[in-house]
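Report on one structure; see the data block that follows.
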């Protein structure tokens, strides 16, 4: 009864003030799509940034651009010449060597520190602060300072000399074969605290009852870690691995500040080669081709991880 | 059996335990030295005389002390031909980082609110597309940005860098905020809608008051990332317009002349100080942001 009354009241209103209703309807419709409207600028910007810009760079890599972009299509010529380029070959060999040592080293050290901190140590927050502060420091500052420490005339070698051991040598940074390891040490300094923080968060999330039960059964600590704790935080290993791998692939300013890619081109990296091609040598098509290869490497790392994450979440949802 | 009065292994067990504790602290201390060495060295050398540094190297206990290198680094040291110190570049970084942080965080909060509480057909796909921005390497967008900034007359301006960092930051801020807002119960939003509250009212009255934790994380993350960024800074600006990271490279790799380690050390510290201070005072949030951003 009352509903009918309401309907009648509404319809009488509709008939008496048609223009007013149209405005109402329009407003309702706008209200209905407010979320879409508000999201639109961000989505447009991200869409251009991610897809249009990438497509553009891809197209340039297929053109015969040199100093300025031109749009004459030459196909995959620049990719072929890129893989003939000695600098590029050194760069990606370096990336494999640096990347594997940097990722393995940061994860091993991060896990060790996380496990030690997890043993109910005193001053936990102090230790954590010390290990993690490098992450707040830029790669430029990190590279600059470590350059000074590795430099034989100012750093560790000079220090040991001043202690009286005159024949001591530590000149990796000026040694073509050893310089890459200074990049590894510096990279681990910067990233291992980050790995530690993530591992520690994981260790804290493991069911404590499970650990207590194992302790009561007389299992040793090392056995508990190997059999219960570490398997439980397997997803975190994968997350840390993927994040560090993509850091490694993007490595640029750290090396620039530490060794400028030298001595010679001994520590050059793909990201540095891109920069050189684009802004030092005026070969932007080669630079774009090299950038595409970096994107490809990242895709190989990130896409399987993303697929795996979505898949395991779905499975969890089905199981739960 | 259970209550054994005398346990022959108890004392050795205690000893082993003590040894284990000593080993734990020993290893932690050893690595603490590795992490702290660069910071200690750089702080000490920003007060040492150059003659002493060139005699005994950067590592060592200071014999001299002077406060004059900090003001030199700040306002009179020569960077790339001009002798105004690192202060102009410090302010460039500040004027670039603050607007870019605020704008990208504001958009991130609203985007996150929509993508978690006002989902519509296709919103998950939009979120996925925006997420790709997190992984896209800067090298892929250098040439297009150079072109766009040229068209907008923003080449070599701080506003150009603000634009670049804002767009790049959107994916991070949206990700952080969306994941956080997922934990706000949908019933809360539904109840407000039944009461007649609209899109903006719910955001202002319900979501925003619950947001400080994630906004702090996002602001810290964005500020640190933009302040420390180098590639965009060095490519899209030059000379007096450069942010501090780019200027620092110009200063410390200025080739031929003898290194003024003390002044350079002070300059390095000035460049690192804002993010270090944020880390020391907001470290809790920083860690929370890392774990949330990475694991979720």
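For this structure, a couple of remarks:
- Hits in the stretch B:46-83 - residues which are more than 14 Å from chain A (Cβ to nearest Cβ), within 16 Å of residue B:268 (Cα to Cα) and not in a loop (DSSP other than H, G, I, E, B): B:69, B:70, B:71, B:72, B:74, B:75, B:76
- Which numbered condition residue B:155 fails, given (1) under 24 Å from residue B:228 (Cα atoms); (2) at pLDDT 90 or above: (2)
- The stretch B:204-222: number of residues that are crowded, with 22+ Cβ neighbours inside 10 Å and more than 15 Å from residue B:179 (Cβ to Cβ): 2
- Counting only helices (runs of 4 or more DSSP H) that sit completely within the stretch A:106-184, those holding 1 or more residues that are out of contact with any strand residue (DSSP E or B) (no Cβ under 6 Å at 6 or more places or on another chain) and at pLDDT 90 or above correspond to A:124-132, A:139-150.
- Among (1) assigned by TED's automatic domain parsing to the domain that holds residue A:240; (2) under 22 Å from the mean Cα position of the chain (by Cα) - the single one residue A:57 does not satisfy: (1)
- Hey, residue A:249 under 27 Å from residue B:139 (Cβ atoms) and either in a loop (DSSP other than H, G, I, E, B) or at pLDDT 90 or above (or both) or not: yes
- Test: residue in the stretch B:235-250 that is modelled with pLDDT of 90 or more, under 12 Å from the mean Cα position of the chain (by Cα) and not in a loop (DSSP other than H, G, I, E, B): no
- Selection from the stretch B:26-51 of residues that are more than 26 Å from residue A:113 (Cβ to Cβ) and surrounded by 16 or more Cβ atoms within 10 Å (Cβ to Cβ): B:45, B:46, B:47, B:48, B:49, B:50
- Here residue B:117 passes the criteria (1) more than 12 Å from every other protein chain (Cβ to nearest Cβ); (2) more than 26 Å from the chain's Cα centre (by Cα); (3) in contact (Cβ under 8 Å) with a residue 60 or more places away in the chain except the one numbered (1).
- Residues in the stretch B:252-278 that are within 11 Å of chain A (Cβ to nearest Cβ), more than 26 Å from residue B:163 (Cα to Cα) and within 22 Å of the chain's Cα centre (by Cα): 6 in all.
The values are calculated or read from the model by the stated rules, or taken from the named source; none is laboratory data. Nothing here was measured: the structure is a model prediction, and the numbers come from that model. Quick reminder, even Gly has a Cβ in these numbers, built from the backbone with ideal geometry, and neighbours come from all protein chains shown.
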